[in-house]
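Notes for the one structure printed next.
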Amino acid sequence: MPVVFSFESISLIIMAASIGIVVFPGSNCDHDAYHASKHIMGQDARFIWHKETSLGEVDMVIVPGGFSYGDYLRSGAIARFSPIMQDIVRFANAGGPVLGVCNGFQILCEAGLLPGALMRNASLRFVCRPVDIRVESTSTPFTQGLEAGEILTIPVAHGEGNYYASQDALGRLEAEGQVVFRYVTPEGEATPEANPNGSANNIAGVRNAAGNVVGMMPHPERHVESLLGHSDGIRIFESVMGQLA
């Protein structure tokens, strides 16, 4: 049966999708992702423990933020070898939509599903505040309902969000439209001051070549209700649900 969803005067009719939210030791945004998926979007969300070897029947996977394995070796480096990752790679290679947020972005880079790497913030300090990001690519399930150039306000909370890739790799990412989000001022300018972590080219999120895997440092699941000050994050969930319906 269709699920009727109403949010701030926006009414959508969508079919319930099955969303798998992966949980590692040290994950701390898994329940935020569950709340956004289940209680706000009305979808069939469930947790998937990292020791499982199969995702089961899911339409989408979220690799949430946190500090998997305490970030003891390098952010995402140990989680990349968790048993569930083999099936996430299979799901992604088959075209399934995968969203990695913050630590999830780091994990997807470590697993080779996304290009580049995340290093320590240029300030060497943890940063936790709302930032403005500009939509650069709508060629993903998570942004197909947005407009290129649109600016979203979404919070960051990380110590290792400094996106790095070689100059050649950056050139390819830019040329092939794989940069999905970029840190900007409220007016939409990609300035050094708007960059919270020193990321190359102010990059806040990227996609794989096929467009079905997206990683981003900002946390859309934390800005899904106006009660929290902003609700721009819901746009990303609406976008992918619109495609899965």
Near the amide H of Val184, under 5 Å away, which other amide H atoms are found, from residues 5 or more places off or on another chain, if H is placed in the peptide plane? Asp132, Ile133, Arg134
Once the Cα gyration tensor of the chain is diagonalised, semi-axes √(5λ) in Å: 24, 22, 17
Using θ = phi - 60° and the Karplus relation 6.51 cos²θ - 1.76 cosθ + 1.60, list the HN-Hα couplings for region 125-132 in order, rounded to whole Hz, with x at every Gly or Pro. 10, 5, 10, 9, 5, x, 10, 9
Whole angstrom only: what separates the Cα centroid of region 17-31 from the Cα centroid of region 88-165? 16 Å
For Val22, Val58, which order do you get if you count the other beta carbons within 10 Å of each Cβ and list the fewest first? Val58, Val22
Backbone HN-Hα couplings from phi across region 237-244 [Karplus 6.51/-1.76/1.60, Hz, Gly and Pro as x]: 5, 4, 4, 5, 5, x, 7, 6
Expected sort for Leu99, Leu173 with the fewest Cβ neighbours (10 Å cutoff) up front is Leu173, Leu99
What relative contact order, as a whole-number percentage, does region 2-244 give when Cα pairs under 8 Å and 6 or more residues apart are counted? 19 percent
Cut-off under 5 Å, modelled amide H: who pairs with Ala45 long-range: Ile19
Within region 155-185, DSSP-loop GluC sites (Glu not before Pro) with at most 12 other C-beta atoms within 10 Å are Glu176
Based on the Kirkwood radius over alpha-carbon pairs, what value in µm²/s does the Stokes-Einstein equation return for the translational diffusion coefficient of region 153-233 at 25 °C and 0.890 mPa s? 182 µm²/s
Which of Val184, Gly205, Ile151 sits closest to the plus end of the dipole of region 2-244, meaning its Cα is farthest towards the positive end, when Lys and Arg get +1 and Asp and Glu get -1 on the C-beta? Gly205
Neighbourhood charge, 11 Å Cβ-Cβ cut-off, centred on Gly205 and excluding it, Lys, Arg +1 and Asp, Glu -1: +2
Residue-wise HN-Hα coupling along region 25-34, computed from phi with Karplus coefficients 6.51, -1.76, 1.60 (Hz; x: Gly, Pro): x, x, 4, 9, 10, 5, 6, 5, 5, 5
Rg/Rh for region 73-137, where both radii come from Cα atoms and Rh is the Kirkwood radius: 1.01
Under a 5 Å amide H to amide H cut-off, with H placed in plane at 1.01 Å, what residues pair with Leu114 once short-range neighbours are removed? Cys109
Of all DSSP beta bridges in region 2-244, what percent run antiparallel (nearest 5)? 65 percent
Ranked list, fewest to most other Cβ atoms within 10 Å of each Cβ, for Leu73, Leu55: Leu73, Leu55
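We did not get these values from a lab; they are worked out from the coordinates using the rules stated. Note that this is a predicted model, so its numbers are computed, not measured. Reconstructed Cβ throughout: ideal geometry from the backbone, glycine too, with neighbour counts over all protein chains shown.
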